[in-house]
Amino acid sequence: MPTEDKWKANMEKVAFTKQFPGLTLDWKSCEHKTIEAVVPVTGKPGASVIVFTDGSFTVAPLPAPEPWELGQALLDARKHLEAKHHAAYEEYDRLAKKDKETLRSARLEKIIGAIQNNLEQIPELKSRLKELVKEWK
């Protein structure tokens with residue numbers, strides 16, 4: 001078979017594969033479907049074919065979200081998950097509040113440290129800070 005014919009045959013197969021009946025390429029279309037099987041994709045560690053009971057399917061990588069993605073996902077899906085994981089959300093909220101306060105305190109300490117470390121090198125810093133405090137009153 002000439003090279004051009006092989007290329008054409010491959011392109012036809014690829015085009016058909018991308019339109020295969022049941023292929024689902026957006027998450028919204030997976031909503032309310034029931035998973036029948038999760039099948040590892042040969043040659044692609046971590047990827048799986050998720051087969052739904054209605055014959056549709058999708059291909060997805062192994063879930064390995066970054067911590068910020070997982071936190072945002074918990075917030076975004078809260079209305080769907082909180083009823084089943086109420087205690088976990090209470091703990092998440094407690095830890096998020098603690099984290100926010102810790103970051104706030106760290107920023108405050110960083111600012112105070114920067115002021116203290118620069119008082120000698122920048123003599124006008126002290127007078128400028130006094131002016132700022134007066135403006136805030």
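Dividing the helix sum by the residues of the chain, where each DSSP H run of 4 or more adds -39500 (n - 2.57), gives a mean residue ellipticity at 222 nm of -18000 deg cm²/dmol.
Excluding Asp99 itself, what net charge comes from residues whose Cβ is under 14 Å from its Cβ, given Lys and Arg +1 and Asp and Glu -1?
Details: positive: Arg94, Lys97, Lys98, Lys100, Arg104, Arg107; negative: Glu91, Asp93, Glu101.
The answer is +3.
Among the trypsin sites (Lys or Arg not before Pro) in the stretch 32-87, those located in a DSSP loop and surrounded by at most 13 other Cβ atoms within 10 Å of their own Cβ are Lys84. If the limit is 26 Å between Cα atoms, which of Lys44/Lys84; Lys33/Lys79; Lys97/Lys130; Lys98/Lys126; Lys13/Lys33; Lys28/Lys98 go over it? From Lys44/Lys84; Lys33/Lys79; Lys97/Lys130; Lys98/Lys126; Lys13/Lys33; Lys28/Lys98, over 26 Å: Lys44/Lys84; Lys97/Lys130; Lys98/Lys126; Lys13/Lys33; Lys28/Lys98. Could you check which residue among Ile35, Ile111, Ile50 shows the biggest mean-square fluctuation in a GNM of the chain with a 10 Å Cα cutoff? Largest GNM mean-square fluctuation: Ile111. Neighbours of Ile112 by Cβ distance under 15 Å: Lys/Arg scored +1, Asp/Glu scored -1, total +3.
On alpha-carbon atoms, Rg over Rh for the stretch 67-135 using Kirkwood Rh? Rounded to two decimals, Rg/Rh equals 1.31.
Computed over neighbours whose Cβ is under 15 Å from that of Asp5, the net charge equals +1, Lys and Arg +1, Asp and Glu -1.
Applying the Kirkwood pairwise sum to the alpha-carbon positions of the chain produces a hydrodynamic radius of 21.5 angstrom.
Length gained on full extension, Glu66 to Lys33: 9.3 nm, using 0.36 nm per residue less the C-alpha separation.
A short reminder: the numbers here are calculations on the coordinates, not readings from a lab. All values derive from a computational prediction rather than experimental measurement. Positions of Cβ are generated from backbone atoms using ideal geometry, with glycine treated the same way; all protein chains shown enter the neighbour counts.
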